[in-house]
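Structure first, then comments.
The values are calculated or read from the model by the stated rules, or taken from the named source; none is laboratory data. Because the structure is a prediction, the values reported are computed rather than measured. For neighbour counting, all protein chains shown are included, and Cβ atoms are generated from backbone atoms with ideal geometry for every residue, glycine included.
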Amino acid sequence: MTAINNKGTYQWDHILVDKNIEAKTATITLDRPEKMNTLSFIARSHLNQIFTELNNDEDVRVIVIKGAGEKAFSSGGNIAEFMEQHPSVLSELHVNVAAPERSPKPVIAQLQGYTFGVGLEIAMACDFRVASETTQLALPEINLGMIPGSGGSQRIAKIAGVGRAKDMIMRGRRIPAHEAHQWGLLTTVTSQENLEVEVNKLVKDLVRLSPMTLKVLKKVINSSQDAPLSVGMEIEGFAYGMLRSTEDFNEGVQSFGNKVKPSFKGI
């Protein structure tokens, strides 16, 4: 599958990448709607490569990942491929799927319809999940005699709690959008017709902010998840002091005093 942007042509496995320089965004589309946007093993590595490129692209401040069509974000992986892979390969799948979490930029998952298996694991690695009312979340691997292998059980448990994670994953339950929102798994739930509007509103909110500050804040929050509160406070305090020396902070203070909108440069 070919994806074209202003820097050239790339060959990805059923993934499109489009940049909007004016909006300062990049959109990654899982583009296999006839197969509910299932992901091959090679597509997972391509996703990691795409994020690596976008992370270093100064024209991009926010990344959106979505599925083609309205039936699915992604219904999961290509099940037949699992039997072809060595166990050591399967044990490392979580590395590529965690690419959105490692990105220094805000990443939004735009969800609709089936969001299953690795599709849900990718979404859970994003910073925000904006979903239509049609969205269903599931980690159905238990029905194959398997467990989630790319962070699904861990991220669900951390966000929704161990009890809900067991209820969902050990039973192979499909969680509808509104229940998932109550659990804290989704940021926003809206109608299918209003989905892109909600995503664009969130993009605009993020683009107007300092990319440097967002990068540091994301790092602080992610790095302190497994740390005691005292360690998290130290990490936050260190970052707070470091940001004092940035031009963006100076711009924010000056703009606040002058009652004008700041123009952040990311430095």
Next on the checklist: Regarding segment 178-195, can at least one residue be identified that is of a type in the set (S, T, N, Q), touching a residue at least 60 places away in the same chain (Cβ under 8 Å), in contact with a helix residue (DSSP H, G or I) (Cβ under 8 Å, 6 or more places away or on another chain) and within 21 Å of V60 (Cβ to Cβ)?
Outcome noted: no
Item to check | Conditions (1) assigned by TED's automatic domain parsing to the domain that holds T38; (2) farther than 30 Å from E22 by Cα; (3) not aromatic (F, W, Y): number failed by T188 | outcome: (2)
Next on the checklist: Report every pair of residues separated by at least 6 positions or lying on different chains whose Cβ atoms are under 9 Å apart, first residue within segment 31-57 and under 16 Å from F116 (Cβ atoms), second of a type in the set (K, R) and surrounded by fewer than 16 Cβ atoms within 10 Å (Cβ to Cβ).
Outcome noted: P33/K71; M36/K71; N37/K71
Checklist entry - Counting only residues that are in contact with a Lys or Arg (Cβ under 6 Å, 6 or more places away or on another chain), assigned to a strand (DSSP E or B) and under 17 Å from A68 (Cβ atoms), how many does segment 112-144 have? => result 1
Checklist entry - Would you pick out the residues in segment 18-48 that are outside any loop (DSSP other than H, G, I, E, B), at pLDDT below 95 and β-branched (V, I, T)? => result I42
Checklist entry - Do we find a residue being out of contact with any His (no Cβ under 6 Å at 6 or more places or on another chain), within 15 Å of I65 (Cβ to Cβ) and hydrophobic (A, V, I, L, M, F, W, C) anywhere in segment 156-172? => result no
Checklist entry - I79: in the same structural domain as V203 (by TED's automatic domain parsing), in contact with an Asp or Glu (Cβ under 8 Å, 6 or more places away or on another chain), at pLDDT below 95 and loosely packed, with under 15 Cβ neighbours inside 10 Å, yes or no? => result no
Next on the checklist: Any residue that is among the hydroxyl-bearing types (S, T, Y), surrounded by fewer than 21 Cβ atoms within 10 Å (Cβ to Cβ), in contact (Cβ under 8 Å) with a residue 60 or more places away in the chain and in the same structural domain as G184 (by TED's automatic domain parsing) - is there at least one of those in segment 118-132?
Outcome noted: no
Checklist outcome for this item: Among helices (runs of 4 or more DSSP H) entirely within segment 174-252, at least 2 residues that are touching a Phe, Trp or Tyr at 6+ places or on another chain (Cβ under 8 Å), modelled with pLDDT of 90 or more and crowded, with 16+ Cβ neighbours inside 10 Å occur in 211-223
Next on the checklist: Within segment 138-153, does at least one residue satisfy the condition of being under 22 Å from R44 (Cβ atoms), buried (at least 21 other Cβ atoms within 10 Å of the Cβ), touching a residue at least 12 places away in the same chain (Cβ under 8 Å) and touching a Phe, Trp or Tyr at 6+ places or on another chain (Cβ under 7 Å)?
Outcome noted: yes
Next on the checklist: I need every pair where a residue in segment 233-246 that is on the phi < 0 side of the Ramachandran plot has its Cβ under 7 Å from the Cβ of a residue that is loosely packed, with under 15 Cβ neighbours inside 10 Å and assigned to a loop (DSSP other than H, G, I, E, B), sequence separation at least 6 or different chains.
Outcome noted: T246/I267
